[in-house]
Amino acid sequence: GLTPRAVAALASMGVDLDDPGFARVNGLRTYGPGVTLELPWPELRSFPDFGLVRTRHDFDDLLLRHAQKAGANVWERAEAVAPLQDRGWVVGAGVRRLPAGGSGNGNGGEVEEVRARFVLAADGASSRFAGLAGVRRDRARPLGIAARRYVRTDRPLQPWFEAWLDVWDGDVLLPGYGW
């Protein structure tokens, strides 16, 4: 689910917001104990008044292909195994290309040094790469974990992000939320 702020970022990158893989949403519909609220996205000059929804798999592929068209070198079947550092700054990564059918468990060819002006570690909240770069979690702050599941439904597509702030399993209130 992409908020209007995220939609504005996509538009600035030149992503086609009318791509048929996107579904538009008008705002947030939230369910709580005995109440339902519909909160339309505000009309602001700096952001569109709609959000978008797309499956994570399709969205990731769209961003990858968009970056590739803009000149990014894409290495599929490659694993960043360690950050390259220079005077405390991450300036690249040691990268191992994986053989067809191989996995990211250390098997594969030699590690190549790849230098970059910007390095993004997009491997999750418990990033192994960031840990190797010296990033440590602040244990005084809570840690959230998300799980995603796609479910087929006969219910028609709604033009709202829907969030359940009280999720029950029988008589037990579960920690977290669902949308």
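The values are calculated or read from the model by the stated rules, or taken from the named source; none is laboratory data. This is a predicted model, so every value here is computed, not measured. No Cβ is skipped: glycine too gets one built from the backbone with ideal geometry, and neighbour counts run over all protein chains shown. Note: areas computed on protein heavy atoms with side chains; ligands, DNA, RNA excluded. Shrake-Rupley method; radii C 1.70, N 1.55, O 1.52, S 1.80 Å.
A few points about this structure:
- Across the chain, the longest run free of exposed loop sites, meaning GluC sites (Glu not before Pro) lying outside DSSP classes H, G, I, E and B with no more than 14 other Cβ atoms within 10 Å, spans 111-179.
- Excluding the site residues themselves, the longest part of the chain lacking any trypsin sites (Lys or Arg not before Pro) in a DSSP loop with at most 14 other Cβ atoms within 10 Å is 1-44.
- Taken over the chain, the ratio of Cα radius of gyration to 2.2 N^0.38 Å equals 1.30.
- According to the calculation over all Cα-Cα pairs in region 5-90, the P(r) per 5 Å bin from zero is 3, 10, 15, 16, 14, 13, 10, 8, 7, 3, 1, 0 %.
- The GNM of the chain, with springs linking C-alpha atoms under 10 angstrom apart, assigns the highest mean-square fluctuation among GLY134, GLY21, GLY92 to GLY134.
- The residues of the chain have, on average, 77 Å² of accessible surface per residue, using a 1.4 Å probe with all protein chains present.
- Shape of region 114-160, Cα gyration tensor, a/c cut at 1.5: prolate
- Element breakdown for region 32-179 at a 1.4 angstrom probe: carbon and sulfur atoms account for 54% of the accessible area.
- Two-site FRET efficiency, ALA6 against GLU38, from Cβ-Cβ distance with R₀ of 22 Å, rounded to 0.05: 0.60
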